[in-house]
Each structure stands twice: as C-alpha cells, then as structure tokens.
Amino acid sequence: MGNCYLGTESEILKNKIFALVDCNNFYVSCERVFNPKLNNVPVVVLSNNDGCVVARSEEAKALGITMGIPYFKVKGIIESNNIRVLSSNYVLYGDMSERVMNLLAKFTPNIELYSIDEAFLDMKDISVNDYTAYGKEIRKTIFKNTGIPVSVGIARTKTLSKIANEYVKHNPRLNGVFDIVDFPKMDKLLAHVPIHEVWGIGGAFGRMLMNRKILSAKDFRDASEFFIKDKMGIIGLRTKYELQGLSAVSLDEVLEPKKAIMSSRSFGRYVNKQCELEEAISQYTIRAAEKLRKQQGCCNSINVFVMTNHYKLTDKQHAENKTITLPEPANYTPELIKYAVYLLRKIYKPGYNYIKAGVLLGNIVPETPVQLNAFLVNRDHDKRNRIMKAMDSINKTFGRDSLKVASSGIAQDWAMKRQHISQRYTTNWNELLTVNLT
C-alpha cells in the first residue's frame with residue numbers, strides 16, 4: 001500500500017489531497033482505440049493461452065461474464081450473444097499504459113504508478129480551487145491524446161480516493177470524476193461500501209470482520225481502535241485512520257527495484273524436444289534480461305524450471321529446477337542465455353510432455369557499482385554494455401524482437417496460443433494501423 005506512517009491530524013489536514021486515476025476496462029479500451037467496430041458491443045479479453053477472461057467491456061459484464069472465468073465455461077454464452085473475443089496483447093497494453101502515465105506526470109510531479117492502469121497523484125503542491133474541474137481536465141487530456149477513458153476519485157487519503165474512484169464508475173451522472181475532499185454525506189457513502197471491498201482489508205480479514213458485524217467501511221471506521229489493532233495490527237489501524245480522512249499511507253513515488261525477475265509461460269502445445277525447450281528458455285531469458293536492464297540491475301543467479309501437466313494423470317510426470325550462481329553479476333543477454341540453457345540440459349528428460357518452463361533471475365543488485373571478478377580478465381564490459389544498449393534501443397524504436405538472439409528460434413511453434421490477438425499498432429512498423437481513404 002506504499003510507505004506508511006501515522007501523522008497527527010494537524011499535519012494531515014494541511015493540504016493532503018490524493019487523486020486516483022484508473023483506466024476504464026483498460027485492455028478493452030486499448031483495443032477499441034484502434035478498432036472502433038468494438039465500441040458499444042460486448043468484448044472480452046483472454047489470458048495467456050486463451051485460458052480465462054481477464055478483461056470485459058461493460059456490455060459483456062451485463063451479460064453475466066465474470067472476471068477470471070475459464071473461456072470454455074462461457075463459450076456458449078459468448079457465441080450466442082456474439083461477444084467479441086480477443087487474446088491479450090500485452091505489448092500494446094504496456095505501450096498505451098506508458099503513454100497514459102507520461103501524461104499524468106504532467107499534472108503533478110508527485111505520482112505513484114500503482115498498476116498498469118492505475119496511478120495515484122499527490123496534489124499537495126498544486127494550487128487548485130476546483131478539484132472536480134481539475135479531474136475533468138485530466139480525463140479530457142488523457143482521452144484526447146490516447147483515446148483511453150479514465151475515472152478520477154479525489155479525496156484526503158489514498159483509501160478514500162479508491163472508494164471515490166469505484167463509486168464514480170457506477171454513477172454515470174458524475175461524468176467520471178468524484179471529489180469527496182469535503183463530502184457532506186461521507187457517512188452514507190461509507191455505509192454502502194462492503195467491508196471486503198475496502199482497500200487493504202482482504203478476504204480473510206473481511207470474513208473475520210463480517211463475523212463480528214463490521215459489514216461496511218463506515219462500521220470499520222467507527223470500530224474500536226483497540227479491537228482493530230488487536231485483530232489486524234498496524235495495517236488495520238492505518239486503514240481506519242485513512243477512512244477517517246487522516247492520511248496514513250504516503251505516496252510511493254519511486255518503485256522499488258525487484259530483487260528477482262521471473263519470465264515463464266505455458267506452451268501452446270506439449271513440448272518434448274530439447275531443441276524447442278532451449279528456444280523457449282532462450283526467449284524467456286531475453287525477456288527477463290530486458291526487464292533487468294530496464295531497472296538498471298544485474299543478477300547474481302539464474303534458476304531454470306520445467307514441468308509437465310500434473311493434471312493429466314495418464315502422462316509421465318516430471319517437474320524440476322536448478323540454480324547456478326554466476327561468477328559475477330551480469331545483465332548481458334548472451335551470457336545469461338548460456339547459463340540458462342546449461343541448466344536446462346541438466347534437468348531435461350526425453351520422453352516427457354512439458355507444458356511450462358521458466359527462468360528466474362535472482363539476487364539482483366544495481367548495475368553500478370558492481371563487484372567484478374578479477375579472474376575474468378578477457379571480458380570487455382564496456383563493449384557488452386554498448387551492445388545491450390543498442391539492442392534495447394532498436395527494439396524499443398522498431399518493435400519488440402526487431403533484433404533478437406538466434407537461439408530463441410524463428411517460428412517458435414511452441415509459443416502460447418493467442419488465436420484472437422490484435423495488431424501491435426503502436427510498437428511494430430509492420431502492424432501499424434492503415435486507413436483506406438477511398
């Protein structure tokens with residue numbers, strides 16, 4: 001929930017204002033920007049290998065399609081209602097998210113990127129007389145420049161801004177912005193928020209609280225401070241303060257670098273050939289290494305794992321992983337691939353139908369300064385860095401995998417199924433949107 005502290009009321013009431021900006025049905029909205037035929041019709045987006053529903057348009061929600069439900073369970077409903085089905089296009093969604101966040105950063109220097117489609121804005125350093133008007137300007141700017149509709153909830157705490165944002169999504173008359181900084185009907189609003197929907201409560205705490213007749217955000221706000229601290233500790237106490245309008249969860253402006261980076265996927269079909277597994281492991285290592293360099297880190301260890309389908313009991317089963325410690329911290333893709341493939345060859349067994357594999361880069365440290373190995377005298381680290389910067393720059397400019405490592409394969413027939421994927425409109429020159437002027 002960010003960096004937490006407990007301040008006095010006098011500190012909090014001194015211009016503590018947060019806005020939560022949330023992209024509406026983000027994956028679907030990204031698709032609609034480039035395909036207007038999807039507007040005003042039911043749309044669902046599927047997860048990896050087209051397994052489960054991970055995004056829904058409002059029209060699809062109205063037809064009873066629930067989040068996370070396996071595709072095969074609702075295929076009949078989808079076909080009978082002519083619901084448009086799309087595979088997840090994470091490259092497109094990631095690029096559109098970056099565009100939205102860059103625009104939000106122009107409204108305030110204090111911003112926390114909470115998720116791919118959400119951001120908190122700290123508005124304490126902004127001179128604003130009308131927060132609703134300011135929120136509408138944010139919505140207008142985002143939509144004009146990206147085509148993505150957003151909702152804006154504004155409040156004195158992050159928890160209350162979450163509640164405001166959720167409320168505005170279900171009340172079209174508010175036109176996408178809800179300011180509850182000095183809301184006169186706060187008791188009534190909080191009384192209609194179920195306890196399990198309060199940010200930071202969670203399922204287990206929610207059930208415990210409901211068993212004690214604490215059913216709403218208002219009940220929780222008004223509950224005994226001693227009881228909450230005894231049952232939930234300092235986290236629960238902070239949530240109580242937040243619901244009282246006292247800011248106890250600060251803005252986390254700088255994302256903490258990850259200590260480990262995982263890249264893994266289920267295959268689109270069973271894989272039993274070593275050469276195909278090596279291609280997959282090389283590809284996953286490439287992705288992990290890209291993320292590693294993006295956070296300006298180097299890893300000290302690599303773990304590789306493979307697994308068969310443990311749900312298919314008629315097949316022979318094998319799941320194994322191995323880890324190696326590198327001679328020195330590294331983020332050079334060819335070197336990481338070399339060690340990852342070495343580990344794969346240690347654990348691969350012929351005759352097994354593998355369904356998933358992955359790579360974990362661990363013990364990550366900053367790339368500068370880094371302790372080098374004095375015995376590895378033939379390594380030109382400056383040259384390696386230049387090669388990786390050039391490769392990353394080319395792929396960012398011309399689209400992912402414009403320049404790639406040959407060991408990851410060309411056809412990649414083992415890759416996950418995405419039978420309904422749209423074009424990478426913003427990141428690949430070969431998939432740009434075309435307009436017919438005739």
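The values are calculated or read from the model by the stated rules, or taken from the named source; none is laboratory data. Fair warning: this is a prediction, and the values are worked out from it, not measured in the lab. Cβ sites come from the backbone with ideal geometry, for glycine too, and all protein chains shown count toward neighbours. Side chains are part of the model used for accessible areas, which takes the heavy atoms of the whole protein and leaves out ligands, DNA and RNA. Shrake-Rupley method; radii C 1.70, N 1.55, O 1.52, S 1.80 Å.
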- prompt: Of the listed peptides 174-180, 209-215, what is their order by residue-averaged count of other C-beta atoms within 10 Å, with the highest listed first?
  reply: 174-180, 209-215
Where Cα atoms sit under 15 Å apart: lysine pairs in segment 68-186 separated by 8 or more or lying on different chains: 7
task: Rank-order 145-156, 420-431 by packing density, defined as the average count of other C-beta atoms within 10 Å over each peptide's residues, highest first.
output: 145-156, 420-431
query: Each label point is 7 Å from the Cα along the Cα-to-Cβ direction; what then is the distance between the points at Ser80 and Asn175, in nm?
result: 4.1
task: Would you mind working out the accessible area per residue for the chain, using a 1.4 Å probe, and quoting it in Å²?
output: 52
statement: Under the rule rounded for a/c under 1.5, else prolate if a/b exceeds b/c, else oblate, using alpha carbon gyration tensor axes a ≥ b ≥ c, segment 267-343 is classed as prolate
- line: With 0.36 nm assigned to each residue of separation and the Cα-Cα distance removed, Leu437 to Ala105 gains 115.9 nm
- prompt: Within a Cβ distance under 14 Å of Asn321, other residues only, what is the Lys/Arg minus Asp/Glu net charge?
  reply: +4
Anisotropy class of segment 99-212 from Cα gyration tensor, a/c 1.5 cut: prolate
- line: The simple spin-label model distance between Val365 and Lys136, using points 7 Å out along Cα→Cβ, in nm, is 5.5
- request: Quote the Stokes-Einstein diffusion coefficient, in whole µm² s⁻¹, for segment 114-168, based on the Kirkwood radius over alpha carbon pairs, a temperature of 37 °C and a viscosity of 0.692 mPa s.
  value: 274
- line: SASA check, Tyr71, accessible area w/ 1.4 Å probe, all protein chains in place, rounded to nearest 10 Å², comes out at 40
message: What does the extension gain come out to for Trp429 and Met262, with contour length at 0.36 nm per residue minus their alpha carbon separation?
response: 57.3 nm
query: For segment 49-150, what is the per residue volume of the convex hull drawn over the alpha-carbon atoms, in cubic angstrom?
result: 123
query: For the chain, which whole-number percentage of the solvent-accessible area (1.4 Å probe, protein heavy atoms only) is attributable to carbon and sulfur atoms?
result: 52
query: How large is Rg/Rh for segment 125-283, to two decimals, with Cα atoms and a Kirkwood Rh?
result: 1.13
task: Would you mind checking the tilt of helix 333-347 against the longest principal axis of the Cα atoms of the chain, expressed as 0 to 90 degrees and rounded to 10?
output: 80
query: Tell me, what is the FRET efficiency for Asn321 and Glu98 to the nearest 0.05, using R0 = 22 angstrom and their Cβ-Cβ distance as r?
result: 0.10
field: Viscosity 0.692 mPa s, 37 °C: Kirkwood-radius Stokes-Einstein D of segment 34-102 over Cα pairs, µm²/s
entry: 260
message: Give the lysines whose C-alpha is closer than 21 Å to that of Lys338, dropping any in the same chain fewer than 8 places away, or say none.
response: Lys273, Lys291, Lys294, Lys322, Lys346, Lys349, Lys356, Lys383, Lys389, Lys404
task: Return the distance in nm (one decimal) between the two label points of a simple spin-label model at Leu313 and Ile394, each offset 7 Å from Cα along Cα→Cβ.
output: 5.1
task: On a 0 to 90° scale, report how tilted helix 202-211 is relative to the longest principal axis of the chain, with both axes built from alpha carbons and the result rounded to the nearest 10.
output: 40
query: Which percent of Cα-Cα pairs in the chain sits in each 10 Å bin, short to long?
result: 4, 17, 23, 26, 20, 9, 1, 0
